[in-house]
């Protein structure tokens, strides 16, 4: 019965904390958000499995982690240099149908993977049909098709 009670407490607590934390925490996942979710998962695991006799300790750890994440978010908004230091920048991979192979190699993006994304999102079948392809900070690849005039 204790396990069920711990599960209910963990579920309700996480719902409240993530609701307060806002949509950014659950939106596009950055490296810091991923680390935050892993750490919250570990703290939640010890709460659920009863490895720590005090549920309070797990609650304190989770609240602290979310506060640190919000602190970093505030610093990044206030000082753009902090944002650039903590997060990666978007990387242009294709310009006017020409793949920038050195950048693609550095970012470990394969031309076939890029074309697969272009086909699925835009129906593009040739690299020449891509005006820009950008590897975004969150890992997604944005495709801007060339206009046919």
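The values are calculated or read from the model by the stated rules, or taken from the named source; none is laboratory data. Note that the coordinates shown come from a computational prediction; the quantities given were computed from them, not determined experimentally. Because the Cβ atoms are built from the backbone with ideal geometry, glycine has one as well, and the counts that use them run over all protein chains shown.
Filtering 75, 93, 65 for residues that are in contact with a strand residue (DSSP E or B) (Cβ under 8 Å, 6 or more places away or on another chain), at pLDDT 80 or above and surrounded by 13 or more Cβ atoms within 10 Å (Cβ to Cβ) leaves a single hit, 93. Residue 41 passes every criterion in (1) farther than 30 Å from residue 110 by Cα; (2) under 17 Å from the mean Cα position of the chain (by Cα); (3) at pLDDT 70 or above; (4) surrounded by 14 or more Cβ atoms within 10 Å (Cβ to Cβ) apart from (4). Test residue 134 against the stated conditions and say whether it is in contact with a strand residue (DSSP E or B) (Cβ under 9 Å, 6 or more places away or on another chain), within 24 Å of residue 34 (Cβ to Cβ) and in a loop (DSSP other than H, G, I, E, B). It is false that residue 134 is in contact with a strand residue (DSSP E or B) (Cβ under 9 Å, 6 or more places away or on another chain), within 24 Å of residue 34 (Cβ to Cβ) and in a loop (DSSP other than H, G, I, E, B).
Every test in (1) surrounded by 14 or more Cβ atoms within 10 Å (Cβ to Cβ); (2) touching a helix residue (DSSP H, G or I) at 6+ places or on another chain (Cβ under 9 Å) is passed by residue 98 save one, and that test is (1). Answer with yes or no whether residue 74 is more than 15 Å from residue 6 (Cα to Cα) and out of contact with any helix residue (DSSP H, G or I) (no Cβ under 8 Å at 6 or more places or on another chain). So residue 74 passes the test.
The residues of the range 43-86 that are closer than 15 Å to residue 11 by Cα and not in a helix (DSSP H, G or I) amount to a single one, 50.
Within the range 81-95, can you find the residues that are out of contact with any helix residue (DSSP H, G or I) (no Cβ under 6 Å at 6 or more places or on another chain) and touching a residue at least 12 places away in the same chain (Cβ under 8 Å)? Within the range 81-95, 86, 87, 88, 89, 90, 92, 94, 95 qualify.
Filter the range 127-149 for residues that are over 25 Å from residue 89 (Cβ atoms) and in contact (Cβ under 8 Å) with a residue 24 or more places away in the chain and give the result. Correct list: 128, 129.
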